[in-house]
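Report on the structure given below.
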There are 2 protein chains.
Amino acid sequence: MDLLDEPVPGVGTYEDFNTIDWVREKSKDRDRHREIATKSKESVLALMKSISDAFSGWLLMLLVGLMSGALAGGIDISAHWMTDLKEGVCLNGFWFNHEHCCWNSNETTFQERDKCPNWKSWAELIVGTNDGPFAYIMNYLMYVCWALLFSFLAVSLVRAFAPYACGSGIPEIKTILSGFIIRGYLGKWTLVIKTITLVLAVSSGLSLGKEGPLVHVACCCANILCHLFTKYRRNEAKRRETLWRSFFAALVAAFTLRSINPFGNSRLVLFYVEFHSPWHLLELIPFVLLGIFGGIWGAFFIRANIAWCRRRKTTRLGHYPVLEVLVVTAVTALLAFPNSYTRMSTSELISELFNDCGLLDSSQLCNYANVSVTKSSSNALPDRPAGQDVYTAMWQLSLALVFKMLITVVTFGMKVPSGLFIPSMAVGAIAGRLLGVGMEQLAYYHHDWVIFRGWCSPGADCITPGLYAMVGAAACLGGVTRMTVSLVVIMFELTGGLEYIVPLMAATMTSKWVADALGREGIYEAHIRLNGYPFLEPKEEFSHKTLAMDVMRPRRSDPPLSVITQDGMSVEDVESLIAETSYSGFPVVVSHESQRLVGFVQRRDLVISIENARQRQEGVVSASRIFFTEYTPPQPPNSPPPLKLRGIMDLSPFTVTDHTAMDIVVDIFRKLGLRQCLVTHNGRLLGIITKKDILKHMAQMANRDPDSILFN
Amino acid sequence: MDLLDEPVPGVGTYEDFNTIDWVREKSKDRDRHREIATKSKESVLALMKSISDAFSGWLLMLLVGLMSGALAGGIDISAHWMTDLKEGVCLNGFWFNHEHCCWNSNETTFQERDKCPNWKSWAELIVGTNDGPFAYIMNYLMYVCWALLFSFLAVSLVRAFAPYACGSGIPEIKTILSGFIIRGYLGKWTLVIKTITLVLAVSSGLSLGKEGPLVHVACCCANILCHLFTKYRRNEAKRRETLWRSFFAALVAAFTLRSINPFGNSRLVLFYVEFHSPWHLLELIPFVLLGIFGGIWGAFFIRANIAWCRRRKTTRLGHYPVLEVLVVTAVTALLAFPNSYTRMSTSELISELFNDCGLLDSSQLCNYANVSVTKSSSNALPDRPAGQDVYTAMWQLSLALVFKMLITVVTFGMKVPSGLFIPSMAVGAIAGRLLGVGMEQLAYYHHDWVIFRGWCSPGADCITPGLYAMVGAAACLGGVTRMTVSLVVIMFELTGGLEYIVPLMAATMTSKWVADALGREGIYEAHIRLNGYPFLEPKEEFSHKTLAMDVMRPRRSDPPLSVITQDGMSVEDVESLIAETSYSGFPVVVSHESQRLVGFVQRRDLVISIENARQRQEGVVSASRIFFTEYTPPQPPNSPPPLKLRGIMDLSPFTVTDHTAMDIVVDIFRKLGLRQCLVTHNGRLLGIITKKDILKHMAQMANRDPDSILFN
């Protein structure tokens, strides 16, 4: 290496939509760390630097936590307020939501407080009354108008300022974490627009959640804050480490943050459940049934949603994203308003479904006929016959179930921020609650049946419909995302119900098995594949008996591999090679005859270095010879000065032999995070395998279109 | 490959004390799986086989669970009985332990029941009374004699039948799991002898626990049961997968099994704690202090124990293991008997220290002066001044602490099964309880101090000494084993106290930091290094700037690498090469001049194949030429038939270039589980790096003796 040369700026960075080389990045970071550690022994200042370097990771995570936590809190409050704005306004100040407006009201029960005088529905404001068909129509109209306005703003902002802000972001973040460059995906514009439009999209009443987008927001925060620290700014691998931590933390926080209520009222702490009675072993049968439902729904949802998204991508439908959003919003609002279970926000719905009916609960779902409650203890309520209201609620919930199932398929993937956790959970919770109430009534009226005898005597509280809702929600979420253990942990986080590990495990495992049998991919993997990102699924086993030589390029009929010789080529030769080919890198060999491998040089580094040399280095012309050797032989007197490029060459490229089984090659790529690997036969360079080649080969083996892999 | 050749038995297996090649083993398993999957489409029988193959993993784990669970239960019961045997015997039947003997006694309180008439101490049996100095001496003598008998039996059995049964087994199992062969370490003799001697060692009253050995027992079960299934018997990697699951399951079970009491009495369910009052933020200071104590003790223990074990290995001390065990047992028994806290079994001691004093507790540790308890609620007891008994207990505990700290250092590593979890926890629990009681008394007498004001008013229950004991136990365990998160999970398992996550986290993190600052290795890693096993620590960062060429063999001054050419050598040549060298494998090259790499052949496979060919294949003599090529050229008419060995050659050996940084090489070895890697320069074979070379290099870089790495 010519030590006089300064490192050329740009060498060692990546182009957009390219895969990073983990080995190189990690090695770079170790070099940096080594340098700091060596210097730290020399002076106090360097020692301080080394200490601050060691602690910068902790500081960064703290900042990310504070920033994304603040944003999540802001989103939560704003979405709450704007959701209520669809129904009415507070006279104390338009910036109060329904709950805070009525906070200081003198009424004692929650029902009366909800009707506090300061909170006016739109009908009350416009026509003066809240009763009668005209007022109903007025409210209906305002509800739809607000929804359309919010969604129009959301989709317009996304279209105009940050196209990357749409969707849940999780498939892209998974790809980025695996080592892919998408410039701007985690940038400041995406952050700002995603935060604003997420509030709008959630408030518009569309069937979407905010958990997935919140994870994207947190990753944006992490990426932006990474720029404050050299250690993270300069190294793609280190930055991904931080992103990964943020991703994980955000995924957990997205569910637990809502339990930290900034206003201290415990009424709206969502999903906190406390059941009074344990579950019985026989109840595992309905829990497994819920698991099967969750699995089938998950598989159906993924297929339908992917088919719809593919249609959007390939037909003219995709040319009118604003119109699409407006139509879906209009349909959602029109159908949701008449049914009280779809009119309320989805998280409120889930909270109500998870809730175990107490004695004082006066909601429609808890309207049971009050039979004698003498035998029971203070906490446990015995199973009771359902009242008329419960039957009405069952019908409404059934309609809500069908509505949610269908509308979510078309909603997820539109050009607005949209998460999938809450809608999936809602579907499962409705199904679970329906089954739970059904079981409860069955047990009440037929407690002499064999299956109920022994554990469900009259007057006992044997079935808890809220638990069924919780299990159903976990099953559906499992079917869609294919998480199992992590999902169960999330459900604990959500509900604090540690004693329900077995029901939750049974349902999520069943759901995963059923869904896997119907289609191997989770929703995020399916979207990654739909978009053609180069993502190597960590768990997928490669089980075909192909060898490296079947996958490498060039194929047998192709022209030979484009290589650079270590000392024989001029600047002109290399430039024409670059112009003729589009490969992202070239192997360097001793000579064309021997094909002995010396190293590997990235196209981008080569282009930047030659350009730089032509501008800065005196005498470098097209005829200058390029040397990758350690020592440059003396040049003939009249020839132009040589260009020494050993410094940009990777001296340790990975190689495998042509007889290496592809399952081993896939394993190496996955475990080491390679970008490319060279193939040799008896010591001669034969070809190259890139990550893209591997993904294409895997697609081909699975009878899919190999051209669906779009990026390097 | 010559397809007419049957696979030679033994090819592809490993010698004792050698490292396995994970890539080869995994690839073999994938081949097997692929074959079954292909066949399963052909016939119903094959389909059934494929299904049973898929479920054999579950079945195996079930069997392992049942077998090791039964063994653990048996060990628990036997150890209990034999521990009690040291003090007395039951007249109803000598096979009853103290508790079961008194089970049907009519006395109401625990104290009186412990003195039930059927249970006779040895003094009562021999001299007729339990009072007076003579009876005390009699009991003392019997206690020491039984202890000596048990430990003599234990060490003799280990010496005579299964030397591998000694110690905790965890360092060796960690090494085996990482891919090392120690034949017989998990065999049936080890299982039988370890089970029996574990009972004896625990009963002898030595300062050791049974959790570590129980993990070894479970792994033995798994290894033996693996032989029932071809899938696991034939594949070292698959077997290790099962072992790893068993290891993890056993580690958890070792702590939870004791909570499933086979006799249904809840009194001896160890360690179940229920504290009545929450902890205060200021208490984090003593918790962190306990963490520092745990860290210092952990580091001290590891150094002292390793120094002692090294002395045992290198001096004449190691020649008298039986005598050593007897001396240590005698010292332990003689010192332990007079102090009631060391006389009781260590797990009973921990249980008593974890316990929060209730109103009805009559133990020495709970003898507080009863001041007015009017203000408190039913559950919470206010802090009270300590009574005389508590001060006595404090003195005894202090002595017990010093005793346990010193005796454990010489006990761990003797030729009897010995675990470390329980003694470490005991040290921490004693220290924690001492600090806890101190804090409690401080808060009681000085509740007007600034630090106590506001949260510790008189009559409040502000300090829970039992919690301090629990935190101390976790801190010491953390200092010795360097686990943090997993340790906190284990403490939850043990105690069911989910609300103490912050104190436990604070103490274990501090303990780990302090201990790491004083010495990087945990006790198990230290023992692995002491024994010279080839274990590549998964977390240790390799931070030196050396290249592959600095580590590879041959060194610059050495003779060149021993290679085999693919077509030029006769059987005689190869046999003399094998005889002259002791390498465990040889690279195969095109020719000595070109040094182009073709493949790699294992010494063992080569020896077996040549031997087999000489015996079975007609005409193979010393002059026969060996071919590793795909096609054998026609031989001259009178020459002996050639030997085709392409089938035993690994066609995809791993290669790196000589300029590859060692940190990358270490990463590759770690992530892929390699056994060796070849080094090339510009396509020419230059040298070889084995796992042993890497470990030696790492030892050298850390200024340790590189010859401490003993095995391949």
For the stretch B:655-677, does any single residue satisfy the condition of being hydroxyl-bearing (Ser, Thr, Tyr), in contact (Cβ under 8 Å) with a residue 60 or more places away in the chain and away from chain A (no Cβ under 14 Å)? no
Considering residues that are touching an Asp or Glu at 6+ places or on another chain (Cβ under 8 Å) and either under 30 Å from A:Ser246 (Cα atoms) or surrounded by fewer than 19 Cβ atoms within 10 Å (Cβ to Cβ) (or both), the number found within the stretch A:125-170 is 3
Restricting the stretch B:552-565 to residues that are of a type in the set (D, E, K, R) and part of a loop (DSSP other than H, G, I, E, B), the one nearest to the other protein chains (Cβ to nearest Cβ) turns out to be B:Arg556
Consider A:Gly568 against the criteria (1) part of a loop (DSSP other than H, G, I, E, B); (2) small (Gly, Ala, Ser); (3) within 40 Å of the chain's Cα centre (by Cα): it satisfies all of them except one. Which criterion is unmet? (3)
Residue ID - nearest to the other protein chains (Cβ to nearest Cβ), chosen from residues in the stretch A:19-38 that are surrounded by fewer than 20 Cβ atoms within 10 Å (Cβ to Cβ) and of a type in the set (S, T, N, Q): A:Ser27
Which number in (1) within 14 Å of chain A (Cβ to nearest Cβ); (2) farther than 24 Å from B:Leu289 by Cα; (3) surrounded by fewer than 22 Cβ atoms within 10 Å (Cβ to Cβ); (4) not acidic (Asp, Glu) marks the one condition that B:Trp513 misses? (2)
Looking at the stretch A:69-76, can you tell me whether even one residue there is within 26 Å of the chain's Cα centre (by Cα), closer than 24 Å to A:Arg183 by Cβ and touching a residue at least 60 places away in the same chain (Cβ under 8 Å)? yes
Any residue in the stretch B:10-25 that is touching a residue at least 60 places away in the same chain (Cβ under 8 Å) and more than 18 Å from B:Tyr583 (Cβ to Cβ) sitting within a Cβ distance under 7 Å of a residue that is hydrophobic (A, V, I, L, M, F, W, C) and crowded, with 20+ Cβ neighbours inside 10 Å? List the pairs, counting only those 6 or more apart or interchain. B:Val23/A:Ile664; B:Val23/B:Leu674
Going by the structure shown, is B:Arg34 of a type outside the set (A, V, I, L, M, F, W, C) and in contact with a His (Cβ under 9 Å, 6 or more places away or on another chain)? yes
Search result, residues across the stretch B:451-483 that are modelled with pLDDT under 90, in contact with a helix residue (DSSP H, G or I) (Cβ under 9 Å, 6 or more places away or on another chain) and among the hydroxyl-bearing types (Ser, Thr, Tyr): B:Thr464, B:Thr481
Taking the residues in the stretch B:162-208 that are aliphatic (A, V, I, L, M) and under 12 Å from the mean Cα position of the chain (by Cα) as candidates, determine which candidate is farthest from B:Ile528 (Cα to Cα). B:Leu177
Residue check for B:Glu493: over 30 Å from A:Lys671 (Cβ atoms) and modelled with pLDDT under 75: yes
May I ask you to verify whether B:Glu6 is within 14 Å of chain A (Cβ to nearest Cβ) and at pLDDT below 85? no
For the stretch B:672-712, give me each residue that is outside any strand (DSSP E or B) and among the aliphatic types (A, V, I, L, M). B:Leu672, B:Leu674, B:Ile694, B:Leu695, B:Met698, B:Ala699, B:Met701, B:Ala702, B:Ile709, B:Leu710
In this structure, does A:Ala222 turn out to be among the aliphatic types (A, V, I, L, M), surrounded by 24 or more Cβ atoms within 10 Å (Cβ to Cβ) and closer than 27 Å to A:Asp84 by Cα? no
Is it true that B:Lys696 is surrounded by fewer than 21 Cβ atoms within 10 Å (Cβ to Cβ), of a type outside the set (A, V, I, L, M) and within 14 Å of chain A (Cβ to nearest Cβ)? no
Restricting to the stretch B:150-172, what's the tally of residues that are β-branched (Val, Ile, Thr) and modelled with pLDDT under 90? 1
Condition check: modelled with pLDDT under 90, under 25 Å from the mean Cα position of the chain (by Cα) and away from chain B (no Cβ under 14 Å). Does A:Lys691 satisfy that? yes
Hits in the stretch A:595-620 - residues which are part of a helix (DSSP H, G or I) and either touching a His at 6+ places or on another chain (Cβ under 7 Å) or under 17 Å from A:Lys644 (Cβ atoms) (or both): A:Asp605, A:Leu606, A:Val607, A:Ile608, A:Ser609, A:Ile610, A:Glu611, A:Asn612, A:Ala613, A:Arg614, A:Gln615, A:Arg616
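A quick yes/no check of all residues on (1) more than 14 Å from every other protein chain (Cβ to nearest Cβ); (2) at pLDDT 85 or above:
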| position | (1), (2) |
| --- | --- |
| A:Gln595 | no, yes |
| A:Asp605 | yes, yes |
| A:Arg614 | yes, yes |
| A:Gln617 | yes, no |
| A:Ile626 | yes, yes |
| A:Thr629 | no, yes |
| A:Pro633 | yes, no |
| A:Pro637 | yes, no |
Would you check which residues across the stretch B:540-551 are within 13 Å of another protein chain (Cβ to nearest Cβ) and modelled with pLDDT of 85 or more and list them? B:Thr546, B:Leu547, B:Ala548, B:Met549
It is to be established whether one or more residues within the stretch A:577-588 are within 14 Å of another protein chain (Cβ to nearest Cβ) and modelled with pLDDT of 90 or more. yes
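The values are calculated or read from the model by the stated rules, or taken from the named source; none is laboratory data. Note that this is a predicted model, so its numbers are computed, not measured. Because the Cβ atoms are built from the backbone with ideal geometry, glycine has one as well, and the counts that use them run over all protein chains shown.
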